[in-house]
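Below: one structure, written as structure tokens.
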Amino acid sequence: MAQPTFSTHVGMVDILPDEVGKWQALERIIHEEAKKFNFEEIRTPIMEQTELIARGVGQLTDIVSKEMFAFERGDDQYVLRPECTAPVARAFVEHHLEQRGGTQNLYYIGPMFRAEKPQKGRQRQFHQFGAEIIGADDPAADVDIITLMMSIYDRVGISNTSLKINSVGDPASRKAYTKALKDYFRPHLDEMSDISRERFEKNPLRILDSKEEEDQPFIENAPVITDFLTEETEAHYARVKELLKELEIPFEEDPYLVRGLDYYTRTAFELISPDLGAQDALGGGGRYDLLIEEVGGQHTPAVGFAAGMERLFIACDELDINLVEEEMLDVYIVTLGDEARKWGINHLPKLRKAGLSASMDYIGRSIKAQMKDADRENARHVIIVGGNELAEGKFTLRNMKASEEDSYSFDEILNKLTN
Ligand code: AMP
């Protein structure tokens with residue numbers, strides 16, 4: 001085969017017709033579960049102002065400092081959104097969604113963009129589904145978010161996951177912890193990575209997120225944030241754990257779980273799958289009580305999760321889970337000759353109006369080729385139309401699975417297929 005002239009960008013992939021069924025099936029599950037939990041869908045643009053993402057996600061995160069697809073047009077600076085929580089927070093503030101009353105329980109599905117090094121489970125355009133509860137401080141909201149996330153994996157059939165949780169503290173706990181971390185890392189800085197030395201100055205908490213080998217021995221023995229939580233934050237975290245236990249959702253505490261985004265406060269969690277290899281996080285999230293204020297709103301506590309759809313499919317492949325139901329075409333009209341073709345073109349809309357999926361040949365293939373096509377399309381029934389059938393007003397209806405056929409008028413066929 002000739003080399004194609006164009007191809008997708010590195011780390012960006014086409015979702016081809018043979019694969020799209022599982023995407024639609026997953027999207028259906030997400031919509032259905034979200035509805036059960038009383039969440040409403042929100043759709044925000046693919047592009048956002050650079051400043052929103054920089055402020056929302058955090059200047060020092062890898063996402064903002066290294067992985068943004070950014071460009072300018074006139075005086076405006078845009079980025080392709082790397083995640084959707086900051087955009088949802090922007091939409092909440094911009095459209096005064098708090099005026100709708102109560103908490104805003106929102107969910108989204110869509111493509112995100114990060115200029116990461118592509119590998120299995122890591123793309124430059126990837127897809128997330130996620131949900132946010134904006135306006136609730138209560139630990140019950142944290143647990144509702146976790147439960148919604150888990151219920152989607154349950155529906156899919158991925159159950160061998162582990163839920164890791166931590167509390168990353170409120171600003172007061174973070175301040176005390178940051179000081180303790182700096183005191184701990186300071187004497188070892190010479191032996192640590194450049195990136196950790198940089199983080200030491202700007203955001204020492206993120207040293208814990210380091211994947212550099214030379215940092216690991218120091219991270220292993222670092223102080224843990226849970227020893228620095230204020231009374232209030234500790235009580236909140238304790239209640240989250242209590243509720244998880246009451247709901248019989250197993251979890252593991254991981255005191256070094258800080259996650260890659262700066263906006264998290266208090267609860268942080270990640271859902272890990274043993275079936276994913278190096279990129280083992282299916283999804284994650286937490287509280288972001290300061291984000292709404294950071295993007296220009298009133299102080300509004302909030303909690304959410306985001307999960308990767310490609311990684312969910314990798315786990316499905318490992319577990320032999322097939323989300324796709326066999327697609328069937330209800331009717332394929334096989335025609336012989338111009339008059340029959342005309343009849344077919346006229347009758348296709350009638351079949352479709354009656355709620356049936358229907359198709360025919362448009363490129364003048366032989367009857368044999370049309371029958372083969374009907375088979376490839378997984379047709380339940382074929383209507384065969386030729387000169388004799390037109391003259392008699394009776395058409396052959398063939399049941400492809402049972403390999404049976406008989407002659408009927410079109411009205412009789414419609415009746416048979418819709419009842
Ligand atoms: P994050 O927004 O970084 O918390 O990511 C949440 C989830 O999105 C991760 O657990 C992954 O499942 C997925 N994800 C994040 N980045 C990528 C990527 N570059 N490629 C594929 N999936 C990703």
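Go through 345, 356, 2 and say which Cα lies farthest out towards the positive end of the charge dipole of the chain; charges sit on Cβ, +1 for Lys and Arg, -1 for Asp and Glu.
With unit charges placed on the Cβ atoms, the residue in question is 345.
Please give the helix 309-318 orientation as an angle from the longest Cα principal axis of the chain, in degrees from 0 to 90, rounded to the nearest 10.
The angle comes out at about 70 degrees.
Do any GluC sites (Glu not before Pro) in the stretch 157-232 lie in a DSSP loop with no more than 13 other beta carbon atoms within 10 Å, and if so, which? Kindly include the intermediate steps, with their values, before the conclusion.
Values: sites: 191, 198, 201, 212, 213, 214, 220, 231, 232; in loops: 212.
Here the GluC sites (Glu not before Pro) that fit, given the DSSP loop and packing criteria, are 212.
What ranking do 153, 332 get, fewest neighbouring Cβ atoms within 10 angstrom at the top?
Numbers: 153 21, 332 27.
So the residues, fewest neighbours to most, are 153, 332.
Would you mind working out the magnitude of the charge dipole of the stretch 1-111 relative to its Cα centre, with +1 at each Lys and Arg C-beta and -1 at each Asp and Glu C-beta, to the nearest 20 Debye?
Computed charge dipole of the stretch 1-111: roughly 220 debye.
For the stretch 82-88, take each phi angle, set θ = phi - 60°, evaluate the Karplus expression 6.51 cos²θ - 1.76 cosθ + 1.60, and give the result in whole Hz per residue in order, putting x for glycine and proline.
x, 6, 10, 6, 4, x, 5
Would you calculate, for the chain, the mean residue ellipticity at 222 nm contributed by helices, counting each DSSP H stretch of 4 or more residues as -39,500 (n - 2.57) and dividing by all residues, to the nearest 500?
On the way: 15 runs with 161 residues, N = 419.
Taking each H run of at least 4 residues, the total per residue is -11500 deg cm²/dmol.
Go through 307-318, 15-26, 140-151 and give me the packing order, highest mean Cβ count within 10 Å leading.
Values: 307-318: 19.4, 15-26: 13.0, 140-151: 22.1.
The most tightly packed comes first, giving 140-151, 307-318, 15-26.
Along the stretch 402-419, what does the Karplus equation 6.51 cos²θ - 1.76 cosθ + 1.60 (θ = phi - 60°) give for ³J(HN,Hα), rounded to whole Hz, x for Gly and Pro?
Along the stretch 402-419, the couplings run 7, 6, 10, 8, 7, 9, 8, 6, 4, 4, 5, 4, 4, 4, 4, 7, 9, 10 Hz.
Mind pulling the angle between the C-alpha long axis of helix 171-185 and the longest principal axis of the chain? Nearest 10 degrees, somewhere in 0 to 90.
It is inclined by approximately 70 degrees.
Where both partners of a DSSP beta bridge lie in the stretch 329-418, what percent of those bridges are antiparallel, to the nearest 5?
Details: 9 of 18 bridges.
Percent antiparallel among DSSP bridges in the stretch 329-418 is about 50.
None of the figures in this text is laboratory data; all of them are computed from the coordinates on show. Remember, predicted model here, so these are calculated numbers, not experimental data. Note that each Cβ is placed from the backbone with ideal geometry, even for glycine, and that neighbours are counted across all protein chains shown.
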